[in-house]
1. When only residues in the range 1-16 that are aliphatic (A, V, I, L, M) and part of a helix (DSSP H, G or I) count, which is farthest from residue 109 (Cα to Cα)?
2. Within the range 17-37, count every residue that is more than 21 Å from residue 110 (Cα to Cα) and of a type outside the set (Phe, Trp, Tyr).
3. Which condition number does residue 68 fail, the rest of (1) closer than 25 Å to residue 139 by Cα; (2) surrounded by 13 or more Cβ atoms within 10 Å (Cβ to Cβ); (3) not aliphatic (A, V, I, L, M) being met?
4. Against the definition (within 12 Å of the chain's Cα centre (by Cα), modelled with pLDDT of 95 or more, under 22 Å from residue 22 (Cβ atoms) and among the small types (Gly, Ala, Ser)), how does residue 122 come out, yes or no?
5. Could you list, in sequence order, the residues of the range 8-27 that are among the aliphatic types (A, V, I, L, M) and within 17 Å of the chain's Cα centre (by Cα)?
6. Kindly list, by first and then second residue, each pair from a residue in the range 106-133 that is at negative phi and of a type in the set (Ser, Thr, Tyr) to a residue that is crowded, with 20+ Cβ neighbours inside 10 Å and not in a helix (DSSP H, G or I), limited to pairs with Cβ atoms under 6 Å and residues at least 6 apart or on different chains.
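The values are calculated or read from the model by the stated rules, or taken from the named source; none is laboratory data. These numbers were taken from a predicted model, which means no experiment stands behind them. Glycine also receives a Cβ, built like all others from the backbone with ideal geometry; neighbour counts cover every protein chain displayed.
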Amino acid sequence: MSDRNDLYQFVDDVHVILKQVVDWRELLFREELRQPIVDAWDELQSAFDDVKQRVESENLTSDEHLQQVGLMGKQLELKLKGFSGAWDKFKSWGSVKILKTVLDWIDIILGSLASLIPGADAIEEFKDSAKKGIEESEQA
């Protein structure tokens, strides 16, 4: 697979993971955050399509720019291996602590994408909000 295909798959995986977080809102979030997270999620859907389109197209995002932010070659490989390892561990063990680790790995790649691609920052901020909501619920 090419780096662009790997990034495209990553964005798809993030979509699936964040959708599951929203679906688990009764378990993960305090009551007053449950409906707002659904509403924010609904607004975010077009951002995923926009980001995937830009990842796919060399005309919209150059290989040089992806390389400069560490999203090609061995830099990307390291980040994706960390992410996929954490995600696989979560799928096997399913704890909130591991879910937060998955979200941290997502942030590493999403932060770089957000520096290049409009819309990735909205996804990143949604992920940050979800993680913060999860952390708050743990402390209650």
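1. Ranking the candidates gives 16 first.
2. At the first step, the residues of the range 17-37 found to be more than 21 Å from residue 110 (Cα to Cα) are 23-36.
Add one more test, that the residue is of a type outside the set (Phe, Trp, Tyr), and what stays is 23, 25-28, 30-36.
Number satisfying all stated conditions: 12.
3. (1)
4. On the way: within 12 Å of the chain's Cα centre (by Cα): yes; modelled with pLDDT of 95 or more: yes; under 22 Å from residue 22 (Cβ atoms): yes; among the small types (Gly, Ala, Ser): yes.
Here the answer is yes, as residue 122 does meet what is asked.
5. Answer for the range 8-27, where residues must be among the aliphatic types (A, V, I, L, M) and within 17 Å of the chain's Cα centre (by Cα): 11, 14, 16, 17, 18, 21, 22.
6. Sorted first by the residue in the range 106-133, then by its partner, the pairs are 112/71.
Here is a yes/no grid of residues against (1) modelled with pLDDT under 95; (2) in contact with a Leu (Cβ under 7 Å, 6 or more places away or on another chain); (3) crowded, with 17+ Cβ neighbours inside 10 Å:
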{"residue": "2", "(1), (2), (3)": "yes, no, no"}
{"residue": "8", "(1), (2), (3)": "no, no, yes"}
{"residue": "16", "(1), (2), (3)": "no, no, no"}
{"residue": "20", "(1), (2), (3)": "no, no, no"}
{"residue": "24", "(1), (2), (3)": "no, no, no"}
{"residue": "37", "(1), (2), (3)": "no, no, yes"}
{"residue": "43", "(1), (2), (3)": "no, no, no"}
